[in-house]
Every structure is written in structure tokens, then in C-alpha cells.
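*Asks:* This is the structure, below, for whatever I ask next.
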Amino acid sequence: MAFQTILLDSADGIARLTLNRPERLNSFNRVMLVEIREAFERIKSDSSIRVLVITGSGRAFCAGQDLQEPGALDSPESVAELLHKFYNPMIGDLRSLELPVIAAVNGVAAGAGCSLALACDLVLAAQSASFVQAFCRIGLVPDAGGSFFLPRLVGPARALGLALLGDPLPAATAEAWGLIWRCVPDDSLASETDALARRLAAQATRALALTKRAIGGAANRSLDQQLNLEADLQAKAAGTADFREGLAAFLEKRPARFTDR
Ligand code: LHQ
């Protein structure tokens, strides 16, 4: 089935999901939120996919909720329903993907569009991109995981400054503050994203998925809990064919060829 609001293609183990409503700065409507989840399902069930890249078409990454979507914002109930039925499951599904997810932020990421980017594992942003906690500008509060990821990434002082003021944070500052992995020149975003995705696709995907589990939520666990979790995850990694291959390749002084997913 073809999608109406996103594009999904894959090659060489790398899936690319493009938010594709450029005339509305790729803002989310209900169709798009459903299609994104359907894309995640397809990626999960395709064992050839080892990395996902999420990006936007045109000049924006994503402007958050489509503020002109009929019926969406009519009442507190419709807003709560949007979050419970569409946004929250989408963020939950994204976080449970057992492969690395890169956000290639090609332009402005505002509101829930910023939350989506921050929920990804690695964020690469074009120098002209910016991150906007747009919620306060329209009398709303951060959602779609924004209030979870933001303070964990930049600390409460910067998180509050961003969320209470709603000023655009330029990509270079976002990198300096540790909000994102890297800011790159606009004309290098595509090639840098491709190089990063290829590097990740060549790695041991199961171990990367287990690493995501170790680091995700680590701030909420005690040292004892984390040590135990590490031991459990390491036992799982040690049971993969990729670990045997990685070890053999090291001992034989040759590049490893990882194949698990
Ligand atoms: C848009 C949008 C947009 C529709 C630009 N919708 N058309 C979840 C569920 C439940 C409740 C509500 O909240 C949420 C989560 C959220 O995401 S709430 C936050 C929603 N997003 C915003 O408040 C951001 C609104 N947009 C902006 O502040 C600006 O457009 C940004 C900073 C993103 C970009 O600014 P500019 O580059 O100056 O572009 P622009 O403002 O001129 O927009 C270009 C066009 O896109 C324009 O349409 P037009 O027909 O005049 O060319 C905008 O109306 C449209 N657009 N964002 N979210």
C-alpha cells in the first residue's frame, strides 16, 4: 500500500522515512501519524533493514502538530485523544525499534517535530536547521516525549529556558549543548547521514539494539540495577553469531562481517 504523507524506501540495509507534507512544513496529521507507525511495522518485519533514517522533505524537518487539521484541536478531549491514540504510541514504537535510528534534521524541528527528532538515537542536523519548543508560543506544554528527552539531554536549566521561551535553538548551539550528535554544513547533510547510516549498518545490529537498552533509562536506575542489566545484556550479546564473528575477526586481524539482526 502506498503512503499519502510519508515516503519509505530502503537500500543496502538502510530504510529512509521521509515526512512528506512540505506545504505544511511536514506537520503531523492523523494520517501521517498512522502511516509512520505502519512504516515502523514494515521495518520491524524486514530483517534486511539494519538502520532507519528519518528526515523531512522540502525546507523543514517537521513543524509538529498540523494546527489547521480539522477537528484535531477542537476540545481538550480531542487533544488528549490525539496524544493517547496517535502520538504516544508512535513515540513508544520508535523507541522500541531494535536498530539504530538517525534523525537527519534538514530544517526546522518544532513542537512534536522536535520531540520526534529527540526520540531518535542519533541526530544529525543541517547548520541552518533549528529546534523550537513551540508549545509555549500557543499556550500548550511540551508533549510527544519532549519533556522527557529535553532535560535528560541538556539538563533542567536549559530545558526550562527552551520550553518556557520557545526561542529557536540553532543547530550549532544544539550540538554544543549536547542536544544532538552533530551539526553539519547544509550541503553535507545527505552525505554525512549516508556515511553514518552505512557505518551503523555494517555493525552488529543486535549488540547496538542491546546497547540502546543499556543506555536508555540508565539515568533512572541505580548502579546495582545497571550492573545487573549490563550483565544480562552482555550475556545476550555473547550468544549472537555476530559476537563469534567479531572475536574471530579480531584474532585473525581482518574486518568483521556482521550478519545478525
Ligand atoms: C503550519 C504549521 C503547523 C500547520 C507551519 N501546522 N501549518 C500534539 C497533539 C495535540 C495537541 C497539540 O500539540 C501537539 C504537539 C505540537 O506539536 S503543538 C506545536 C505545534 N507546532 C507549532 O506550534 C509550530 C507552528 N509553526 C511555527 O511556529 C513556524 O511555522 C515554524 C517556526 C515551524 C517555521 O517558521 P517559518 O519558517 O517562518 O515558516 P512559516 O511560519 O511561514 O510557515 C510556512 C507555512 O507552513 C505557513 O503556511 P502558508 O500557507 O502561510 O505558507 C504556515 O502556516 C505553515 N505551517 N507550521 N504546525
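We did not get these values from a lab; they are worked out from the coordinates using the rules stated. All of these numbers come straight from a predicted model, not from anything done at the bench. Every residue, glycine among them, receives a Cβ derived from its backbone with ideal geometry; neighbour counts consider all protein chains shown.
*Asks:* Between Ala72, Ala109, Ala238, which gets the highest mean-square fluctuation from a Gaussian network model of the chain, Cα cutoff 10 Å?
*Replies:* Highest fluctuation among the options: Ala238.
*Asks:* Can you list residues whose amide H is under 5 Å from Val51's amide H, if they're 5+ apart or on another chain and H is modeled 1.01 Å from N?
*Replies:* Ala15
*Asks:* Can you give me the Cα centroid spacing of region 103-125 and region 218-252 in angstrom?
*Replies:* 29 Å
*Asks:* Give me a comma-separated list of calculated 3J(HN,Hα) values for region 18-31, in order, Karplus coefficients 6.51, -1.76, 1.60 applied at θ = phi - 60°, integers in Hz, x for any Gly or Pro.
*Replies:* Along region 18-31, the couplings run 10, 5, 10, 10, x, 5, 10, 6, 6, 5, 7, 10, 4, 4 Hz.
*Asks:* Please work out the FRET efficiency for the pair Arg257 and Ser147, using the Cβ-Cβ distance as r and a Förster radius of 41 Å; give the result to the nearest 0.05. Walk me through the numbers on the way to the answer.
*Replies:* Values: r = 42 Å, r/R0 = 1.03.
According to the calculation, E is roughly 0.45.
*Asks:* I would also like to ask the following. Would you look at the GNM of the chain, springs on alpha carbons closer than 10 Å, and say which of Leu99, Leu73, Leu179 moves the most?
*Replies:* Comparing Leu99, Leu73, Leu179 in the GNM, the peak value goes to Leu73.
*Asks:* Out of residues 5 or more away from Ala129 or on other chains, whose amide H comes under 5 Å of its own, with H placed 1.01 Å from N in the peptide plane?
*Replies:* Ala171
*Asks:* Can you tell me which of Ala110, Ala207, Ala80 moves the most in a GNM of the chain? Springs connect C-alpha atoms under 10 Å apart.
*Replies:* It is Ala80.
*Asks:* Also: Any chance you could give the angle, 0 to 90 degrees and rounded to 10, that helix 156-165 forms with the longest Cα principal axis of the chain?
*Replies:* Relative to the chain, helix 156-165 is tipped by roughly 30 degrees.
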